[in-house]
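Below is one structure, written out as structure tokens; the observations come after it.
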Amino acid sequence: MRKLIATDLDGTILFDRQVSPEDLAAMERWRRAGHLLVVDTGKSVFATKDALGPCGVSFDYAVAFTGAVLTDGDYRLLSARYLPDGVVQEIVSHLTGISGITVFATTLETDYVLLNTLEDVSSILRVFSPLALTEVVDHRFIGVPVRVADDAENDRVAQVITECCGSGIELYRNQDFLDVVPAGCSKGQGLTDLLAGPLAGQEVETWSVGDSWNDLSMHAVADHGIALPWSPPQVVAACERVVPSVAALIDSLLEG
């Protein structure tokens with residue numbers, strides 16, 4: 001049976017915008033053996049390409065924006081879901097005045113920054129363009145990543161966003177960001193959509209690899225959920241085993 005690995009990016013194969021030679025070589029061996037490699041990430045399509053392109057990572061499909069967008073391995077759009085009109089403006093208006101945060105808004109083509117009281121740049125979302133609030137109405141947005149400097153403030157910021165946006169969104173926490181995406185989206189739903197859409201009718205055994213809370217839905221959908229040693233206890237508990245790296249997982253599967 002053909003096998004598929006769905007991998008998170010930051011903290012799984014991407015570290016300070018680098019992919020280790022061991023992981024890169026293992027992923028190439030995986031695909032040469034006829035198996036599928038899927039990147040399943042909270043990043044936008046633009047940020048995914050910006051991060052993986054220089055590293056030389058090739059893949060078969062991307063689940064981007066925490067499941068809101070599917071692309072093929074050449075970043076060609078297969079499907080997309082969008083945030084309701086007005087959500088971006090609501091988030092910015094309710095978060096204005098809170099210190100130590102950066103509010104981004106992402107379209108299919110570009111990552112924008114709308115509010116920045118942090119005055120710092122994350123290696124996870126490094127390239128972006130400023131956008132005035134008056135220009136928001138001219139765009140359709142898929143995600144709103146919110147970087148919160150103080151980990152203790154995550155819950156308060158998440159509560160503000162949830163209360164102001166209601167049922168039109170999903171909100172996920174990863175190691176450095178709160179990610180707002182359209183209702184019904186998740187990394188797991190994106191993997192489900194891929195299996196039911198472009199891969200429909202194919203027998204595929206699936207592995208998911210991810211280190212954070214926003215990977216839990218992906219682990220729940222996959223046949224085999226795999227965590228990393230630095231994953232939070234809740235993520236480890238949801239997985240069948242822990243591996244030191246994606247390369248180690250691939251080696252074990254190809255040798256098995």
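None of the figures in this text is laboratory data; all of them are computed from the coordinates on show. Remember, it's a predicted structure, so these values are computed and weren't measured experimentally. Because the Cβ atoms are built from the backbone with ideal geometry, glycine has one as well, and the counts that use them run over all protein chains shown.
Simple spin-label estimate for Glu205 and Thr117 gives 5.1 nm between the two label positions (7 Å along the Cα-to-Cβ direction from each Cα).
By the helix-only formula, in which each DSSP H run with n ≥ 4 contributes -39500 (n - 2.57) and the sum is divided by residues, the chain has a 222 nm mean residue ellipticity of -8000 deg cm²/dmol.
Spin-label pair Glu22-Asp50: with each label point 7 Å from Cα along the Cα-Cβ axis, the two points sit 3.0 nm from one another. About its Cα centre, the dipole of the range 87-182 is roughly 100 debye, where the only charges are +1 on Lys and Arg Cβ and -1 on Asp and Glu Cβ. Between the listed residues Phe104, Ala64, Asn214, the Cα displaced farthest toward the positive end of the dipole of the chain, a dipole computed from Cβ unit charges relative to the Cα centre, is found at Ala64.
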